[in-house]
1. Under 6 Å between Cβ atoms, at least 6 apart or on separate chains: pull out the pairs that start in the stretch 33-46 with a residue that is free of Cβ contacts under 8 Å to residues at least 40 places away in the same chain and closer than 12 Å to Glu23 by Cα and end on any residue that is in a helix (DSSP H, G or I) and open to solvent by less than 70 Å² (accessible area, probe 1.4 Å).
2. Only residues that are under 30 Å from Gly2 (Cβ atoms), polar (S, T, N, Q) and open to solvent by 20 Å² or more (accessible area, probe 1.4 Å): list them for the stretch 45-63, please.
3. Condition first: surrounded by fewer than 16 Cβ atoms within 10 Å (Cβ to Cβ) and either among the β-branched types (Val, Ile, Thr) or assigned to a strand (DSSP E or B) (or both). Now tell me which residues in the stretch 104-131 satisfy that.
4. For the stretch 1-33, name all the residues that are in a helix (DSSP H, G or I) and farther than 12 Å from Ile72 by Cβ.
5. Could you grab me the full set of residues in the stretch 86-103 that are open to solvent by 40 Å² or more (accessible area, probe 1.4 Å) and of a type in the set (A, V, I, L, M)?
6. In the stretch 68-85, which residue that is open to solvent by less than 80 Å² (accessible area, probe 1.4 Å) and more than 15 Å from the chain's Cα centre (by Cα) is nearest to Ser21 (Cα to Cα)?
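The values are calculated or read from the model by the stated rules, or taken from the named source; none is laboratory data. Small disclaimer: the values here were computed from a predicted structure and weren't measured. Don't worry about glycine lacking a Cβ; one is built from the backbone with ideal geometry, like all the others, and counts go over all protein chains shown. Side chains are part of the model used for accessible areas, which takes the heavy atoms of the whole protein and leaves out ligands, DNA and RNA. Shrake-Rupley method; radii C 1.70, N 1.55, O 1.52, S 1.80 Å.
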Amino acid sequence: MGFPLDSLTIKPANAKQTRISREATFNEWNRGLTLEQYINREVRLEQCDFAADGNLTTWVLVPRENLETDDILCSCETYRRKVAVKDNDETNLKFAIGYGIASVYTREHLRSNGYAGHMMKLLHWVLGAKDSFPPFPQG
């Protein structure tokens, strides 16, 4: 049995949690690389323009009582981008900040507890436009 969802929160990963999340994804996403090559590739990608200046964030789902835990329940990455948005009448163009969500991952033994879905709800709450929110997600 997993943690109750209402006891969990998301946060930007610290350096150790980021490393742990990458090690967790290695077996499924390594594409023939060694662990060292895989980790080094991820570190290099962090330094690219698309990820620079805080545009790439690794998020972790963790118990509220233990935010710095190494026992990550789920992780994902977001890429912040400038986006163009057209009104319904297709005449007015405005610019805003949008997010791409990538690399949502729950280790196999933690799956089927609703962690990834809950993480996406919480991430929406953190990143989304506040005037478009449904009620805050309950566990």
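1. What qualifies is Leu35/Phe26; Tyr38/Phe26; Ile39/Arg22; Glu42/Arg22.
2. Result: Thr57, single match.
3. Val126
4. Matches in the stretch 1-33: Leu5, Asp6, Ser7, Ala15, Phe26, Asn27, Glu28, Trp29.
5. Matches in the stretch 86-103: Leu93, Ala96, Ile97, Ile101.
6. Checking each candidate, the answer is Asp70.
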